[in-house]
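Here is the structure we will look at.
The values are calculated or read from the model by the stated rules, or taken from the named source; none is laboratory data. Small disclaimer: the values here were computed from a predicted structure and weren't measured. Positions of Cβ are generated from backbone atoms using ideal geometry, with glycine treated the same way; all protein chains shown enter the neighbour counts. Just the protein is used for accessible areas: all its heavy atoms, side chains included, with ligands, DNA and RNA removed. Shrake-Rupley method; radii C 1.70, N 1.55, O 1.52, S 1.80 Å.
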Amino acid sequence: MDEGFIVIDPDFRILTANKAYCDQAGGVCDEIIGRHCYEISHKALKPCYEEGEECAVKQVFETGAPHVALHRHKNANGNILYVETKAYPIKDESGVVISAIETITNITERHLLEEERLKTQKLEAIGTLAGG
């Protein structure tokens, strides 16, 4: 599986992670397990939602329903990665969400191409106005 995959508890601690996530984060899986997801994915000391990011995992714990969010993560070199996160609830027998599964898909190339396309459209519009 080439998508990052983690399981997170209600305290935002990583319970398990696949190799793709560990490689993307630039760490060894044994050192990542048990740490907060925001420490690893954002290289931050507080949750991403406190920094203004939409957090799919937080939404899962609050609503009990799957959620998708676009995010900025940092790779091992500190470079920004644009990712799509999808979080799904894991519930106990009584229906209480006890953890969340999150998949992380790197969409950096797609995001950068879209930004470039929008810049080109703006320049074309300015050219049309200047010429008219």
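Structure values in brief
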| read-out | value |
| --- | --- |
| Residue list for the stretch 54-83, restricted to those being part of a loop (DSSP other than H, G, I, E, B) and farther than 21 Å from A20 by Cβ | E54, G64, A65 |
| Residue count, the stretch 43-72 (criterion: open to solvent by 70 Å² or more (accessible area, probe 1.4 Å) and of a type in the set (S, T, N, Q)) | 1 |
| Failed item, numbered, when I40 is tested on (1) open to solvent by less than 70 Å² (accessible area, probe 1.4 Å); (2) over 26 Å from E114 (Cβ atoms); (3) modelled with pLDDT of 90 or more | (3) |
| Of all residues making up the stretch 24-37, the number that are aliphatic (A, V, I, L, M) and open to solvent by 40 Å² or more (accessible area, probe 1.4 Å) | 2 |
| Inter-residue pairs, beta-carbon under 7 Å, first in contact (Cβ under 8 Å) with a residue 60 or more places away in the chain and in the stretch 95-118, second in a loop (DSSP other than H, G, I, E, B) and open to solvent by less than 80 Å² (accessible area, probe 1.4 Å), 6+ apart | V97/G64; I98/D92; S99/D9; T103/E3; I104/E3; T105/E3 |
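Quick grid of which residues meet (1) at negative phi; (2) open to solvent by 80 Å² or more (accessible area, probe 1.4 Å):
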| site | (1), (2) |
| --- | --- |
| I80 | yes, no |
| V83 | yes, no |
| K86 | yes, no |
| G95 | no, no |
| T105 | yes, no |
| E109 | yes, yes |
